[in-house]
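J.: Below you will find the structure I want to go over with you.
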Amino acid sequence: MNIYIGNLDYGITEGDLRDAFSEFGNVDKASVIMDKFTGRSKGFGFVEMPNNEEANQAITSLNDSKLGSRNIKVNEAKPREERSSSVRSRY
């Protein structure tokens, strides 16, 4: 299951996410989304857990809990919507 984690403290690392979620089971991947221009965290990330039961336990236990200096929001990630490739010119 792909899990969304929002309201991340800007100092949280992928290792921090992996550590927090691995308490509930196996973590395949943990990522903090970074701004490509500044290199700073955008304040959210994703964790992939192969076992849905463990993932649901992690979501229930970690949602609205403190990680770093903030209470995080945790839920199942929704599929990314397709972006329109048509851009209208102003001129």
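The values are calculated or read from the model by the stated rules, or taken from the named source; none is laboratory data. Everything quoted here is computed from the prediction, not taken from an experiment. Note that each Cβ is placed from the backbone with ideal geometry, even for glycine, and that neighbours are counted across all protein chains shown.
J.: Give the number of residues within segment 8-42 that are in a helix (DSSP H, G or I) and either exposed (fewer than 13 other Cβ atoms within 10 Å of the Cβ) or among the aromatic types (Phe, Trp, Tyr) (or both).
T.: If we filter segment 8-42 for residues that are in a helix (DSSP H, G or I), which is where we start, we get 14-22.
Okay, now just the ones that are also either exposed (fewer than 13 other Cβ atoms within 10 Å of the Cβ) or among the aromatic types (Phe, Trp, Tyr) (or both), so 15, 21.
Residues in segment 8-42 being in a helix (DSSP H, G or I) and either exposed (fewer than 13 other Cβ atoms within 10 Å of the Cβ) or among the aromatic types (Phe, Trp, Tyr) (or both): 2 in total.
J.: Let me ask you something else. Would a scan of segment 75-88 turn up a residue that is aliphatic (A, V, I, L, M) and either in contact (Cβ under 8 Å) with a residue 60 or more places away in the chain or touching a strand residue (DSSP E or B) at 6+ places or on another chain (Cβ under 6 Å) (or both)?
T.: Within segment 75-88 (the criterion being aliphatic (A, V, I, L, M) and either in contact (Cβ under 8 Å) with a residue 60 or more places away in the chain or touching a strand residue (DSSP E or B) at 6+ places or on another chain (Cβ under 6 Å) (or both)), the answer is yes, since at least one residue qualifies.
J.: Do we find that Lys29 is free of Cβ contacts under 8 Å to residues at least 24 places away in the same chain, touching a helix residue (DSSP H, G or I) at 6+ places or on another chain (Cβ under 9 Å) and not small (Gly, Ala, Ser) in this structure?
T.: Yes: the conditions hold for Lys29.
J.: Filter segment 56-70 down to the residues that are more than 13 Å from the chain's Cα centre (by Cα) and in contact (Cβ under 8 Å) with a residue 12 or more places away in the chain and list them by number.
T.: Asn56, Gln57, Ser61, Gly68, Ser69, Arg70
J.: Which residue out of Glu48, Glu53 is loosely packed, with under 13 Cβ neighbours inside 10 Å and more than 15 Å from Lys73 (Cα to Cα)? Give the derivation first.
T.: Values: Glu48 fails: loosely packed, with under 13 Cβ neighbours inside 10 Å.
When all the criteria are applied, what remains is Glu53.
J.: Just checking, how many residues over segment 69-79 are at pLDDT 95 or above, over 14 Å from Met49 (Cα atoms) and not polar (S, T, N, Q)?
T.: So the count comes out to 3.
J.: Oh, and also: If a residue must be acidic (Asp, Glu) and closer than 11 Å to Tyr10 by Cβ, how many such residues does segment 26-43 contain?
T.: 1
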